[in-house]
1. With the requirement that a residue be part of a loop (DSSP other than H, G, I, E, B) and either in contact (Cβ under 8 Å) with a residue 24 or more places away in the chain or under 23 Å from the mean Cα position of the chain (by Cα) (or both), what does region 210-239 give you?
2. When only residues in region 115-160 that are among the charged types (D, E, K, R) and at pLDDT below 90 count, which is nearest to Gly73 (Cα to Cα)?
3. In region 166-196, what residues are farther than 22 Å from Phe103 by Cα, of a type in the set (S, T, N, Q) and touching a residue at least 12 places away in the same chain (Cβ under 8 Å)?
4. Just to be sure, is Lys48 over 17 Å from the mean Cα position of the chain (by Cα), outside any helix (DSSP H, G or I) and of a type in the set (Lys, Arg)?
5. Is it the case that some residue within region 197-209 is assigned to a strand (DSSP E or B), more than 25 Å from Leu139 (Cβ to Cβ) and among the hydroxyl-bearing types (Ser, Thr, Tyr)?
6. Return yes when Lys48 is within 27 Å of Asn110 (Cα to Cα), in contact with a Ser or Thr (Cβ under 6 Å, 6 or more places away or on another chain), among the charged types (D, E, K, R) and at pLDDT below 85 and no when it is not.
7. Could you list, in sequence order, the residues of region 113-168 that are closer than 30 Å to Leu93 by Cβ, of a type outside the set (Lys, Arg), within 22 Å of the chain's Cα centre (by Cα) and buried (at least 18 other Cβ atoms within 10 Å of the Cβ)?
8. What strands (runs of 3 or more DSSP E) lie completely within region 80-184 and have 2 or more residues being closer than 27 Å to Lys234 by Cβ and β-branched (Val, Ile, Thr)?
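The values are calculated or read from the model by the stated rules, or taken from the named source; none is laboratory data. All values reported here derive from a predicted model rather than from experimental measurement. In this analysis, Cβ positions are derived from the backbone assuming ideal geometry, glycine residues included, and neighbour counts consider all displayed protein chains.
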Amino acid sequence: MNRKFLVVMLFMITSILYSFEEGFIWGLRANFNGSLTLPSISQEDLNKMGAAYMKGAVGYTMDGEAELGYLFGAERWFGKEKSDFSKFSGMSLYVSIGVGTGFSGMVSGNTIGVATVNVFMNVNYKPVISFGIGSKLYLLESRMAIGLQLGGKVIADTSPEYLAYSDSDSTFASLAPPVTLPEMGELIVTDFMKKNMNPVMFSIKLMLEYNQPINDRVEVVLGIYTRFNIYKPKYITMP
């Protein structure tokens, strides 16, 4: 099943040690994220699940990241005067690695008898390892940064937890055999699937940051970013 994730995230506080004009940059980042799943699934897979359609759902994740990069100052590398720093302060290249949680939410529906019912499935997995390489453009004397990052995420959880519930529990209870909802448990992932399942997502990240200096080497960063993850796991796992 091919799943696509559009993730809109707000990251709160980051402490970065760096030279405001140029030099190495390193930082630790805490991200508190909202997540929207946009599933893409074939009719064949829908038939296997007994569903007529599938839609996405929202959730949340948390993760932390470490960044290491180099800031190319505008004066030395781009021939700008310091009086121009209010417009363009420099550009950085960096690598990042992080660890956190993941979320996938789906709503599948079908007609049972005369009733149309929806089943909500929320899957939470951890840890998720993220990595990437990116660049940031610094403006307004390095107070503002606009960045782009390309990278990926790796799901390291082989038995993610799920929560399944519906908008008509009585309909499922009347089936033969009856199905009891809501239900919590772990997804069944066989050894064969562990060896062949693709755990890697491709990730594109756009960010906007505001940098507030504390002293000449340390600053606090507040910002927002949007991340789009594309994930194709190859196999469907069922509770």
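1. Step one: list which residues in region 210-239 are part of a loop (DSSP other than H, G, I, E, B), which gives 214-217, 232-239.
Scanning region 210-239 gives Asp216, Arg217, Lys232, Pro233, Lys234, Tyr235, Ile236, Thr237, Met238, Pro239.
2. At the first step, the residues of region 115-160 found to be among the charged types (D, E, K, R) are 126, 136, 141, 143, 153, 157.
Retained after the next criterion (residues that are at pLDDT below 90): 126, 141, 143, 157.
On the way: Lys126: 38, Glu141: 11, Arg143: 14, Asp157: 41 Å.
Only one residue fits best here, namely Glu141.
3. Residues satisfying the conditions are Ser168, Thr171.
4. Numbers: over 17 Å from the mean Cα position of the chain (by Cα): yes; outside any helix (DSSP H, G or I): no; of a type in the set (Lys, Arg): yes.
Judged against the criteria, Lys48 is not a match.
5. Scanning region 197-209 turns up no residue that is assigned to a strand (DSSP E or B), more than 25 Å from Leu139 (Cβ to Cβ) and among the hydroxyl-bearing types (Ser, Thr, Tyr).
6. no
7. Val128, Ser130, Gly132, Gly134, Ala145, Gly147, Gln149, Gly151, Ile155
8. Output list reads 90-112, 115-139, 144-155.
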